[in-house]
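The values are calculated or read from the model by the stated rules, or taken from the named source; none is laboratory data. If you're wondering where the values come from, they're calculated on a predicted model, not measured in any experiment. Backbone-built Cβ (ideal geometry, glycine too); neighbour counts: all protein chains shown.
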Amino acid sequence: MRRVSTFMLIVLSMLTPVRGGVEWQGAPAASQNSDGQPALAAQDERLLALLPPADLVGVVDLPSLLVDLLPRLDKLGVKGASSLAAELNRIATALGIEPKQLRRAVFSITLESFAASGLVLIEGADPDQKKVEGLLKGYQVEYRSLVHEGVTILTLASPPQAPALGPLSINTSDISYASLGEGRIVIGELSRVRQAIERRLKPAPPAGVQATALREANPASMIRFAFILSPEMREAASSQGDLFKSIAAVSVLVGDLGVGADLALSLNAVMRTPTTRDAQELEQGLKGLVNLGRVLLASGDPNLTAIINQVRISVKDRDVALKIALPSSFIEQMSSKKS
């Protein structure tokens, strides 16, 4: 367990270190298309172009995620926040990472038969290779190295235990790390790391549907994502029973996760269907799932019940919107119960 958790900390530290007294410059203002709709930042598109094609792609605002959010969770007394911040600082110092240079991360995830594998590309982190290897050795993380198109790849010799989310499993075999140069590193499954190395010389723009969907997400959010559901995924959802049949009509899911100045959390997602009738059926199906969740958790964890009670579902034309807003008072209440 020590090796697994340590490697995950190393991955997080490459996303961003947490250091006291560091001030971050704000993200650039989002541009707009001629029709007034927010445009996907050119830099985001350049980074996404380095990733191999995938079902789910997204953009993460690193300063908002850990440099801003984690210290506030620590102040609230959220269990584990303080120790995580201290460990990240220690690792970042060992790697010599400059926090002021970190900007964003982009990710891509592919699903095959409910097995997920993916890749994360981080902008602004390019630690010295010897320091990375020294850190892995210091934590007794065994690895092997290989060279692909002139780039050294470090791959874990023993994969960490794969987490599972219900029927979804996550592929942790051949977890690898490589530097693409120009302050960019990639972490993920070996074959996808290789593809990113190949694409650094011949980047390809993200799929038009995904790029268009990402433009609809709130550009000021901490995380933005677009999920294209393949026919195989929709068929699999349909086979899970009547409650899930309406979900099979979803072709695109776009969303964002934001954190307010008072630590309030908000999740917004829009599911696009072929027809208004499909959207209405999806709305009813999702409300049925929410009601089922309330019944199943009636005598369980009150925090989960409270979260379910914050779910709001609405329909407009072919789109079904799902919103979950958790006020800061709720976050404080949860943290005090876990203390």
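In table form, for the structure just shown:
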quantity: Any hit, segment 232-247, residues being in a loop (DSSP other than H, G, I, E, B), surrounded by 21 or more Cβ atoms within 10 Å (Cβ to Cβ) and assigned by TED's automatic domain parsing to the domain that holds PRO327; calculated: no
quantity: Unique residue being within 23 Å of THR93 (Cα to Cα), in the same structural domain as ALA49 (by TED's automatic domain parsing) and either free of Cβ contacts under 8 Å to residues at least 12 places away in the same chain or assigned to a loop (DSSP other than H, G, I, E, B) (or both) when the list is ALA125, ALA162; calculated: ALA125
quantity: Filtered residues of segment 112-161 (kept if more than 25 Å from LEU65 (Cα to Cα) and of a type in the set (A, V, I, L, M)); calculated: ALA115, VAL141, LEU146, VAL147, VAL151, ILE153, LEU154, LEU156, ALA157
quantity: Filter pass, ARG224 being charged (D, E, K, R), surrounded by 14 or more Cβ atoms within 10 Å (Cβ to Cβ), closer than 30 Å to PHE330 by Cα and touching a helix residue (DSSP H, G or I) at 6+ places or on another chain (Cβ under 7 Å); calculated: yes
quantity: Top-ranked residue in segment 90-132 [being of a type in the set (A, V, I, L, M, F, W, C), modelled with pLDDT of 90 or more and touching a strand residue (DSSP E or B) at 6+ places or on another chain (Cβ under 6 Å); ranked as nearest to LEU190 (Cα to Cα)]; calculated: LEU119
quantity: Residues that are surrounded by 14 or more Cβ atoms within 10 Å (Cβ to Cβ), in a strand (DSSP E or B) and touching a Leu at 6+ places or on another chain (Cβ under 8 Å), drawn from segment 128-159; calculated: TYR143, VAL151, THR152, ILE153, LEU154, THR155
quantity: When residues of segment 29-66 are limited to those that are farther than 25 Å from ARG199 by Cβ and touching a helix residue (DSSP H, G or I) at 6+ places or on another chain (Cβ under 7 Å), the one modelled with the highest pLDDT; calculated: LEU66
quantity: Of the criteria (1) closer than 30 Å to GLN210 by Cβ; (2) buried (at least 21 other Cβ atoms within 10 Å of the Cβ); (3) modelled with pLDDT under 75; (4) not aromatic (Phe, Trp, Tyr), which one VAL18 fails; calculated: (1)
quantity: Residue in segment 242-257 that is without any contact (Cβ under 8 Å) to a residue 24 or more places away in the chain and among the polar types (S, T, N, Q) present; calculated: yes
quantity: Evaluation of ALA94 against (1) part of a strand (DSSP E or B); (2) touching a helix residue (DSSP H, G or I) at 6+ places or on another chain (Cβ under 7 Å) (one fails), failing number; calculated: (1)
quantity: Segment 312-330 residues that are exposed (fewer than 15 other Cβ atoms within 10 Å of the Cβ), paired with ones that are not aliphatic (A, V, I, L, M) (beta carbon under 6 Å, 6 or more apart); calculated: ARG312/LYS323; ASP317/THR276
quantity: Among (1) over 23 Å from ASP61 (Cα atoms); (2) of a type in the set (Ser, Thr, Tyr); (3) touching a Gly at 6+ places or on another chain (Cβ under 8 Å), the one test that THR152 misses; calculated: (3)
quantity: Failed item, numbered, when ARG277 is tested on (1) outside any loop (DSSP other than H, G, I, E, B); (2) more than 26 Å from LEU326 (Cα to Cα); (3) modelled with pLDDT under 90; calculated: (3)
quantity: Enumeration of residues in segment 95-126 that are in contact with a Leu (Cβ under 7 Å, 6 or more places away or on another chain) and surrounded by fewer than 17 Cβ atoms within 10 Å (Cβ to Cβ); calculated: PHE114
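Residue by residue, here is whether (1) at pLDDT below 80; (2) surrounded by 13 or more Cβ atoms within 10 Å (Cβ to Cβ); (3) in contact with a Leu (Cβ under 9 Å, 6 or more places away or on another chain) holds:
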residue	(1), (2), (3)
ALA164	yes, no, no
GLU182	no, no, no
VAL193	no, yes, yes
VAL252	no, yes, yes
LEU257	no, yes, yes
